[in-house]
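Heads up, the thing below is written out as structure tokens.
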Amino acid sequence: MVVFHTEAGLQAYVKGKRILGKTVGFSPTMGALHEGHMSLIEKSRATCDISVCSIFVNPTQFNESSDLDKYPRTVEKDLKMLEAAGCDAVILPSVKAVYPKGTRPTERFDLGFLTQPMEGAHRPGHFDGVVQVVKRLLEMVLPTHLFMGQKDFQQFSIIARLLQLINSEVKIVCCPIVREADGLAMSSRNVRLSAQDRKNALVLSSTLKQIKAQYPNGDLSALITAGMERMNAIEGVDVEYLEAAHQDTLRPVKRWADSSAIVLCTAARVGAVRLIDNVLIP
Ligand code: PAF
């Protein structure tokens, strides 16, 4: 695996592959890698000739500076995992390399309603930072394919829309959520959960699963209200949202019959850690 720190070095490598007609899969990450990230590399390797990963803790997408400070940084371990997963190249750019003209966004994109609900409503400015960095990383890496996780479903939808808006030829691939044996969605933040919070965190996936199991019966809105009550009943769990939305538009869905492709999403603070999860229905 080749490790790059500069755009020029990586681009020479990628262009050398693309000129030979090879496809290049790109998995952007912020490090603190786990099996969820490895599934992106696995999918990239199965789909493309060359697999590239980035590790960059993007300061512009953190709306709470304490969250940025606390974000786990485990680069040595990450590199070993990527190597073992068969990743071909990784870039570890500095903030200066990603944002040579400063971090203030210079472009705006009309992403419509997609940025408004759920994470958009609870983390102001978060998606501006995500869009800014993913667009920039795509310019740096020059991939043919982009692999992103379903765990951040709203992020996936927004980046898919961004690619349309900029007429990009990059093909985006959504990789399913990887879960621990007990159902907890894998996340870089899980390592910050105390033993009790780790147990409490199971209420996110179990509530989503319970509501999905009712499909297409029962009153969806009532199920969601009961689900929120169930989650909030656990001491130390504070639900930010539990919402059903259309998978394509992210517009709210009130009744099962309103959409044939629903995503049920939640975010909650468990102790001091903010977690998200979702399920696709049916
Ligand atoms: O999902 C993430 O880890 C980040 O939002 C991403 C896509 C790497 C951009 O910083």
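The values are calculated or read from the model by the stated rules, or taken from the named source; none is laboratory data. What you are looking at is a predicted structure, and each value in this text was computed from that prediction instead of being measured. Positions of Cβ are generated from backbone atoms using ideal geometry, with glycine treated the same way; all protein chains shown enter the neighbour counts.
Which residue pairs have Cβ atoms under 6 Å apart, sit 6 or more places apart or on different chains, and have a first residue in region 10-27 that is free of Cβ contacts under 8 Å to residues at least 60 places away in the same chain and a second that is among the charged types (D, E, K, R) and surrounded by 13 or more Cβ atoms within 10 Å (Cβ to Cβ)?
Lys22/Asp49
When only residues in region 50-75 that are at pLDDT 95 or above and of a type in the set (Ser, Thr, Tyr) count, which is nearest to the ligand (Cβ to nearest atom)?
Ser54
For region 249-261, what are the residues that are free of Cβ contacts under 8 Å to residues at least 24 places away in the same chain and under 20 Å from Asp277 (Cβ atoms)?
Answer for region 249-261, where residues must be free of Cβ contacts under 8 Å to residues at least 24 places away in the same chain and under 20 Å from Asp277 (Cβ atoms): Ser259, Ala261.
Quick check on my filter: what residues within region 14-37 are surrounded by fewer than 19 Cβ atoms within 10 Å (Cβ to Cβ) and away from the ligand (no atom under 13 Å from the Cβ)?
Lys15, Gly16, Arg18, Ile19, Leu20, Gly21, Lys22, Thr23, Glu35
Filter region 155-189 down to residues that are among the hydroxyl-bearing types (Ser, Thr, Tyr) and in contact (Cβ under 8 Å) with a residue 60 or more places away in the chain and give me whichever is surrounded by the fewest Cβ atoms within 10 Å (Cβ to Cβ).
Looking at residues that are among the hydroxyl-bearing types (Ser, Thr, Tyr) and in contact (Cβ under 8 Å) with a residue 60 or more places away in the chain, I get Ser188.
Would a scan of region 192-200 turn up a residue that is under 19 Å from His37 (Cα atoms) and polar (S, T, N, Q)?
Taking every residue of region 192-200 in turn, none turns out to be under 19 Å from His37 (Cα atoms) and polar (S, T, N, Q).
Output the residue which, of all residues in region 16-57 that are among the polar types (S, T, N, Q) and assigned to a helix (DSSP H, G or I), is farthest from Val75 (Cα to Cα).
Ranking the qualifying residues of region 16-57, first place goes to Thr47.
Within region 107-154, which residues are of a type in the set (A, V, I, L, M, F, W, C), in contact (Cβ under 8 Å) with a residue 60 or more places away in the chain and either under 14 Å from Val170 (Cα atoms) or in a loop (DSSP other than H, G, I, E, B) (or both)?
Once the filter is applied, which keeps residues that are of a type in the set (A, V, I, L, M, F, W, C), in contact (Cβ under 8 Å) with a residue 60 or more places away in the chain and either under 14 Å from Val170 (Cα atoms) or in a loop (DSSP other than H, G, I, E, B) (or both), region 107-154 yields Met118, Val134, Leu137, Leu138, Met140, Val141, Leu142, Leu146, Phe147, Met148.
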